[in-house]
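Read the figures in this text as sums done on the coordinates, not as results from a lab. Small disclaimer: the values here were computed from a predicted structure and weren't measured. As a convention, Cβ positions derive from the backbone with ideal geometry for all residues, glycine included, and neighbour counts pool all protein chains shown.
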Amino acid sequence: MARTLNVGMIGYGFMGRAHSNAYHQVAHFFPGEIRPVLKAVCARDEQKVKQFAETWGYESIETDWRRLVARPDIDLVDICTPNNLHKEIAVEAARHGKMILCEKPLAMNSAEGKEMVEAVEKAGVPNMVWYNYRRVPAVTLAKQLIEEGRLGKIFHYRAVFLQDWTISAELPQGGTALWRLDVAAAGSGVTGDLLAHCIDTAIWLNGPITRVTAMTETFIKERKHVLTGKVEKVGIDDACAFLARFANGSLAVFESTRYARGHKALYTFEINGEKASIAWDLHDLHRLSYFDHRDESRVRGWRSIHVTDSDMPYMKHWWVPGLQIGYEHTFIHQVADFLEAIAKGQVAHPTFRDALETQKVCDAVLKSAQTGQWVDVESVDG
Ligand code: SOE
């Protein structure tokens, strides 16, 4: 009989649904020693949070996160709020000895992130950040191929994350739906929201990033604020492009924007090594492109690996070969890995400390965009 783990989730937006679905599904497909129980969900609007609790099967609700993190029947606090609340909630939850899962990015900046790392490490509580794209089976396969040395020395890393949903100047900023456009709630724009994903994957696959030089732009300078009703300055970066150097000597180009007309969530990366290259595309997430120079020249070419067979990462838990899975499964994989790690007394990644590295790169990128100089990631506080 599996042990239970009582989850208290704070926030119930898009990520609240993705996480709730993961807690629901995990025991069906990854039965293990620990089974999550949806104990409580918390948000300020009582009516809406009741509705959410009913839809997703939470046993109870709270409207004040401080009450939730203090409840003795909660084992794990899941933070799905806007970024400006991550630190306060995490520090308080750690003080109460709770395990913590936190939405990405870890914090508003690396100074806050550092406080969060100190809090969870001092409390000795398991912690993890929802950089979910690591757990797309094709991306995990890329990690395996790199670790097996198949690519040889890495020369280049290239990643983009392109969207187009903020092009209209009529779109307001702030409030529940549009907090990602409000710098006071988000901390930054595409750098913390989208490039953070690219950076997390890049560090995981290719090691530490040491230096960056960046440019950012805010195309729409003022937008009406949903909460004040006034037209206010836009403080986020709408677009960001940066060059980077990795500790292993490879060079990188990263780009992200919410102004790439025609692209909704085009996250792609390509890695070029001495012996082989790999490429991945979120719009075709179950495939990994692979080119191996060691193949006989007459049949050499880019292969498109359909990552569905049972020997592929995570796939033996799903359907039969040839049948693919999607976006929501990455969250299920993340919960499954977390539960397995705590059952075995191990650490699931990315931890808060891992995510602090990504946060430092984001800070270095924003600093470089401001100063026009190369910035050493090491020099960032945090
Ligand atoms: C923004 O539109 C967003 O939802 C991000 O916040 C997510 O982290 C990303 O996975 C998809 O795009």
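Where does region 3-132 land on Rg(C-alpha)/(2.2 N^0.38 Å)?
Normalised by 2.2 N^0.38 Å, the Cα Rg of region 3-132 equals 0.98.
Describe numerically, in nm with one decimal, the distance between label points set 7 Å from Cα along Cα→Cβ at VAL299 and at THR218.
Calculated label separation equals 5.6 nm.
Non-local amide H neighbours of GLY273 (under 5 Å, H modeled in plane, Pro and chain starts lacking H): which ones?
For GLY273, the qualifying residues are PHE155, ILE278.
Would you mind calculating the relative contact order of the chain from Cα pairs under 8 angstrom and at least 6 residues apart, reporting the percent as a whole number?
20 percent
Mind putting a number on the dipole of the chain about its Cα centre? Charges go on the C-beta only, +1 for Lys and Arg and -1 for Asp and Glu, and I need it in Debye to the nearest 20.
Approximately 220 debye in magnitude.
So for region 3-132: antiparallel DSSP bridges make up what percent, rounded to the nearest 5? Before the final figure, lay out each step's value.
Details: 0 of 22 bridges.
Counting DSSP beta bridges with both partners in region 3-132, the antiparallel share is about 0 percent.
Once a ≥ b ≥ c are taken as the square roots of the eigenvalues of the Cα gyration tensor of the chain, is the result rounded (a/c under 1.5), prolate (a/b larger than b/c) or oblate (a/b not larger than b/c)? All intermediate terms of the calculation are to be shown ahead of the outcome.
On the way: a/c = 1.61, a/b = 1.14, b/c = 1.41.
Verdict is oblate for the chain.
In which sequence would MET1, MET99 go, from the one with the fewest C-beta neighbours within 10 Å to the one with the most?
Numbers: MET1 5, MET99 21.
Result, fewest neighbours first: MET1, MET99.
Straight-line reach from LYS233: which aspartates and glutamates have Cα under 18 Å away, leaving out those fewer than 8 places along the same chain?
In chain and number order, the partners are GLU170, ASP182, GLU217, GLU222.
May I ask you to order 310-318, 182-190 by the average number of other C-beta atoms within 10 Å around their residues, highest value first?
Ranking, from highest mean packing down: 182-190, 310-318.
Size of the dipole of region 3-132 about the Cα centre, Lys and Arg at +1 and Asp and Glu at -1 on the beta carbon, nothing else charged, in debye to 20?
It works out to roughly 80 debye.
If we count GluC sites (Glu not before Pro) as exposed when they sit in a DSSP loop and have at most 13 other beta carbons within 10 Å, what is the longest stretch of the chain that avoids them all?
171-273
Going by how many other beta carbons lie within 10 Å of each one, how would you line up LEU162, LEU171, LEU178, fewest first?
Values: LEU162 21, LEU171 14, LEU178 17.
With the fewest neighbours first, LEU162, LEU171, LEU178 line up as LEU171, LEU178, LEU162.
Residues with amide H under 5 Å of THR81's amide H, sequence separation 5 or more or different chain, H placed in the peptide plane at 1.01 Å from N; which?
Under 5 Å from the amide H of THR81: GLU103.
First check a/c for region 231-382, with a ≥ b ≥ c the square roots of the eigenvalues of its C-alpha gyration tensor; if it is under 1.5, answer rounded, and if not, answer prolate when a/b is larger than b/c or oblate otherwise.
Because a/c hits 1.5 or more and a/b exceeds b/c, region 231-382 counts as prolate.
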